[in-house]
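Student: Dropping a structure here in structure tokens format, bear with me for questions.
The values are calculated or read from the model by the stated rules, or taken from the named source; none is laboratory data. All values derive from a computational prediction rather than experimental measurement. For neighbour counting, all protein chains shown are included, and Cβ atoms are generated from backbone atoms with ideal geometry for every residue, glycine included. Surface accessibility is based on the protein's heavy atoms, side chains included, excluding ligands, DNA and RNA. Shrake-Rupley method; radii C 1.70, N 1.55, O 1.52, S 1.80 Å.
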Amino acid sequence: MTFLRSSWVSGRDHGQGDPVLISVTDFRLDHVRDLPRVYRAARQLAVGWPTLEGAHGMWLWARPVARRCGAVAVWRDEAALHRFIAWPPHVDIMRAYRGRGSLTSTTWTSDTFDPTETWDRARKDLLVRHRDA
């Protein structure tokens, strides 16, 4: 299964050291017509990414045929992730698309951040979820 993936978007804490918390989100939309708007909204959030305290960086991903998109984000810690979840632009987007699909997420910690290993693990996790859907 092919994933479309954005280039890496560096955050304020990029390169600031380890350990890190990795979060993987998977939004399965009920209707494919919503996918372009959701993805554009995510790209708009990415513009603010460099200002977020505790954000190392992230990739956006999409599987249009499967009506799915999400992010693989790397954080300094759980507190940084929770600040993002409560960040007003993120809250607005979540409210706008509530009820238009289902969202799942997972997190794990790593002693070091290796981009290749992180993406490979996230991709494998997403593939398992997509097989179950």
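Student: Kindly indicate which of Ala71, Ala80 is in contact (Cβ under 8 Å) with a residue 40 or more places away in the chain, under 18 Å from Leu4 (Cα atoms) and surrounded by 14 or more Cβ atoms within 10 Å (Cβ to Cβ).
Tutor: Numbers: Ala80 fails: under 18 Å from Leu4 (Cα atoms).
After ruling out the rest, the residue left standing is Ala71.
Student: If you don't mind, there's one more thing I want to ask. Among the residues of the stretch 92-131, which ones are in contact with a helix residue (DSSP H, G or I) (Cβ under 8 Å, 6 or more places away or on another chain) and closer than 23 Å to Pro36 by Cα?
Tutor: Ile93, Ala96, Tyr97, Arg100, Gly101, Thr104, His130
Student: Still on this model: Quick check on my filter: what residues within the stretch 51-68 are touching a Lys or Arg at 6+ places or on another chain (Cβ under 9 Å) and either surrounded by 20 or more Cβ atoms within 10 Å (Cβ to Cβ) or of a type in the set (Gly, Ala, Ser) (or both)? Spell out how you get there, then give the answer.
Tutor: So in the stretch 51-68, the residues touching a Lys or Arg at 6+ places or on another chain (Cβ under 9 Å) come out as 51-56, 59-62, 66-68.
Residues satisfying the conditions are Leu52, Gly54, Ala55, His56, Trp59, Leu60, Trp61, Ala62, Ala66, Arg68.
Student: All but one of (1) under 20 Å from Leu81 (Cβ atoms); (2) open to solvent by less than 80 Å² (accessible area, probe 1.4 Å) hold for Pro36; which doesn't?
Tutor: Exception for Pro36: condition (1).
Student: Do we find a residue being among the hydroxyl-bearing types (Ser, Thr, Tyr), assigned to a helix (DSSP H, G or I), closer than 17 Å to Arg5 by Cα and touching a residue at least 12 places away in the same chain (Cβ under 8 Å) anywhere in the stretch 88-106?
Tutor: Going residue by residue through the stretch 88-106, those that are among the hydroxyl-bearing types (Ser, Thr, Tyr) are 97, 102, 104-106.
After this cut, where a residue has to be assigned to a helix (DSSP H, G or I) as well, the list is 97.
This time we only want the ones that are closer than 17 Å to Arg5 by Cα, so: none.
No: the stretch 88-106 contains no residue that is among the hydroxyl-bearing types (Ser, Thr, Tyr), assigned to a helix (DSSP H, G or I), closer than 17 Å to Arg5 by Cα and touching a residue at least 12 places away in the same chain (Cβ under 8 Å).
Student: Anything in the stretch 78-133 that is aromatic (Phe, Trp, Tyr) and within 14 Å of the chain's Cα centre (by Cα)? List them, or say none.
Tutor: Phe84, Trp108, Trp119
Student: Looking at Leu45 and the list (1) at pLDDT 95 or above; (2) buried (at least 17 other Cβ atoms within 10 Å of the Cβ); (3) hydrophobic (A, V, I, L, M, F, W, C), which single condition is not satisfied?
Tutor: (1)
Student: Out of curiosity, is Leu127 in contact with a strand residue (DSSP E or B) (Cβ under 6 Å, 6 or more places away or on another chain), surrounded by fewer than 16 Cβ atoms within 10 Å (Cβ to Cβ) and among the aliphatic types (A, V, I, L, M)?
Tutor: no
Student: Moving to a separate point now. Being under 23 Å from Arg123 (Cα atoms) and open to solvent by 80 Å² or more (accessible area, probe 1.4 Å) is the filter here; which residues of the stretch 95-107 pass it?
Tutor: Those that are under 23 Å from Arg123 (Cα atoms) and open to solvent by 80 Å² or more (accessible area, probe 1.4 Å): Leu103, Ser105.
Student: Going residue by residue through the stretch 83-104, is there one that turns out to be modelled with pLDDT of 95 or more and more than 22 Å from Ala41 (Cβ to Cβ)?
Tutor: no
Student: With the condition kept exactly as written, say whether any residue in the stretch 37-55 is assigned to a strand (DSSP E or B), farther than 18 Å from Arg123 by Cβ, within 13 Å of the chain's Cα centre (by Cα) and not basic (Lys, Arg).
Tutor: Within the stretch 37-55, one or more residues are assigned to a strand (DSSP E or B), farther than 18 Å from Arg123 by Cβ, within 13 Å of the chain's Cα centre (by Cα) and not basic (Lys, Arg).
Student: Can you tell me which of (1) part of a loop (DSSP other than H, G, I, E, B); (2) open to solvent by less than 80 Å² (accessible area, probe 1.4 Å) is the one Asp18 doesn't meet?
Tutor: Answer for Asp18: the failing condition is (2).
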